[in-house]
Amino acid sequence: MSEGKDDLHTTSVKDVKQLGTFAAIASLSYVFWVCGGMEMVERLAFYGTRQVAGLYGTDAASNGGLGLVEAQVGIIMSVWVIVQTFVPVFTGGISDRIGYKETIFASTVVKIAGYLLMGLFPTFWGFMAGAVVLAFGTGIFKPGIQGTIVKATNRQNSSIAWGVFYQTVNIGGFLGPVVAAYMRQLEWAYVFYACAAIISLNFLLLMTYKEVDKEDRLAHRAKVKSGEITEKPLWRDSLSELANPVLIWYIVLFSGFWFMLYIFWDIGPLFFRDWVDTSVIVRDVWGDAGPSDFAIRFFAMNNEGTRIMPEGMVNLNSLLIMLTCFLVAGFGARFKAANVMAVGTFCASGALVIFGGFNYAWLIVLGIVSFSIGEMLAAPKASEYIGNIAPPQKKAMYLGFSQLPLAIGWMSEGFIGFYLYGELASKEQISRKLLLTHDLSAEQIAAVPNGEAFQKLVDVTGQSAEMLTQQLYAANNIGAVWYLMASVGIVSAVGLYAYGKWTYRIAMIKEEEATV
């Protein structure tokens, strides 16, 4: 007997046999590809801002930055994550009820306003306001686009579909920091204006497809209005679904993965800027001739082509995912979802251990490769998993819930990560402490603008920046920050493995009961 549509869209924690990699890709509809394009555009703009937010916040005011200390940036990031990750918990249900395309349109308008606020008001509160508005728009966008993806796929191609989707997302994730690295060397405000222009392209893409199952949704809404179907208030419906133990433990355990992901994105650029000499990579790859103009832009180097910018190092992660995610997803499709998530989380933890132990550029690249493999295994599989266990009329709601582990992980990291880095590993803060030993008063040191303390130390000691950086790195336990963060991921990976065994045992019991 052939499988019908209902069979292919079954709700269960159990895995369904997947099509082969290329057969699954061939089975994906044009709606899937358009949605991938919209997510790519949205991520291009978003990561153009998000990847450099910490650099912008801590850059000296004389360079056009905000001149904040790490803890102040952490406050902005904490508010940003609270808004971005809790809004989808409610807007997911709204998307299911009023339509996915409508919420995507509204989110685009809101996000444009957020980018413009960031560019027009270069202050702590201006950036805070822009971050809140941008976060609100992103929270509206996510359930609508991911709900459409779930509707446009089935259980036989979902693993590859989410892998390919994640790959297209990272095309935008890669190009965004490339654009930002160029724009910020002209003027910081140009980063935000460019992102506002880029996200507006989604208005055009919205006009190219028809919403999947829109007739079913409208028919369902008509029955609700006529009283034929009784529907709980949205808030009560959401809370009742959140009481599902399988969902609760997924949220708790997978938050460890997102914790590490945002540590990499937020603290990685600061660490690479402060302690990693990326000129080694440029010399080893391009030699005396140096990189071409294309390579300088593509790999997000400084204008002189002598070193890779911090966001360029982080961007190697997106480049790897952009090129290979469908292959890793095809490999992961052979195994149980929870086990794949556990292995991916463990690989990402290993990357943070490497960052803690070394600051040699090529070993940092090895760590980024390990992190990327872990991300390619865990993140798409998690989206597939949550989409598969969601009831048919609540796909966007559940995908809104998928933002909760991201919320826990990002909120935990958003302030703690920046604070710990500032206390234990920031070159700026370490330099300020050392200036006290060079006959400078506390008042003189306080007068040094944020972001300029290391240069002041260079001037006072008369040493080169490179030599002084090596001395500071050797004299301070910089890796402690990374080891602390990696421990969170290791605990999460073990928990996910145990979670997988538990949920599959439940699924088998229910299957046996159904056959009796």
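The values are calculated or read from the model by the stated rules, or taken from the named source; none is laboratory data. Every value quoted in this text rests on a predicted model; they were computed, and no experiment measured them. Reconstructed Cβ throughout: ideal geometry from the backbone, glycine too, with neighbour counts over all protein chains shown. Accessible surface is based on the protein model in full, side chains and every heavy atom, while ligands, DNA and RNA are left aside. Shrake-Rupley method; radii C 1.70, N 1.55, O 1.52, S 1.80 Å.
Near the amide H of LEU68, within less than 5 Å, lie the amide hydrogens of THR58, ASP59, all on another chain or at least 5 residues away, with H placed in the peptide plane. When peptides 137-149, 103-115, 170-182 are sorted by average Cβ neighbour count within 10 Å, with the highest value leading, the order is 137-149, 170-182, 103-115. Summary value for the stretch 268-333: 34 percent relative contact order, contacts being C-alpha pairs under 8 angstrom separated by 6+ residues. Here each label is just a point 7 Å from Cα along the line to Cβ, and for TRP33 and GLU423 those points are 5.2 nm apart.
Could you pull out the pairs from LYS142/LYS381; LYS142/LYS501; LYS111/LYS210; LYS142/LYS427 whose alpha carbons sit more than 26 Å apart here?
Table pairs above 26 Å Cα-Cα are LYS142/LYS501; LYS142/LYS427.
Placing dummy labels 7 Å off each Cα toward the beta-carbon, the span from LEU484 to GLU466 is 3.2 nm. Its relative contact order, with pairs defined as Cα atoms under 8 Å and 6+ residues apart, puts the stretch 60-146 at 40 percent. Using 1/(1 + (r/R0)^6) with R0 = 41 angstrom and r between the beta carbons of ALA189 and ASP277, what's the FRET efficiency to the nearest 0.05? Rounded to the nearest 0.05, the efficiency is 0.90.
Between ALA243 and LYS210, the modelled label-to-label distance comes to 4.0 nm, taking each label 7 Å out from Cα in the direction of the beta carbon.
Can you order the peptides 477-485, 257-265 by their average number of other Cβ atoms within 10 Å per residue, highest first? All intermediate terms of the calculation are to be shown ahead of the outcome.
Values: 477-485: 19.3, 257-265: 26.0.
In descending order of packing, they fall as 257-265, 477-485.
Between LEU327 and GLN444, the C-beta separation translates, for a Förster distance of 35 Å, into a calculated FRET efficiency of about 0.05.
Can you order the peptides 445-455, 368-378, 351-361 by their average number of other Cβ atoms within 10 Å per residue, highest first?
On the way: 445-455: 16.8, 368-378: 24.2, 351-361: 20.4.
Result, highest mean Cβ count within 10 Å first: 368-378, 351-361, 445-455.
Under a 5 Å amide H cut-off, with hydrogens placed 1.01 Å from N, MET301 pairs with MET309 among residues at least 5 apart or on other chains.
The Cβ shell under 14 Å around ALA53 holds other residues with a net charge of -2, Lys and Arg each +1, Asp and Glu each -1.
Once the 1.4 Å probe is applied to the protein heavy atoms, the stretch 241-355 comes out at 36 Å² accessible per residue.
Accessible surface of LEU116, taken over heavy atoms with a 1.4 Å probe and every protein chain present, rounds to 70 Å². In this calculation the C-beta distance from ARG505 to ARG334 is compared with R0 = 22 Å, giving a FRET efficiency of 0.60.
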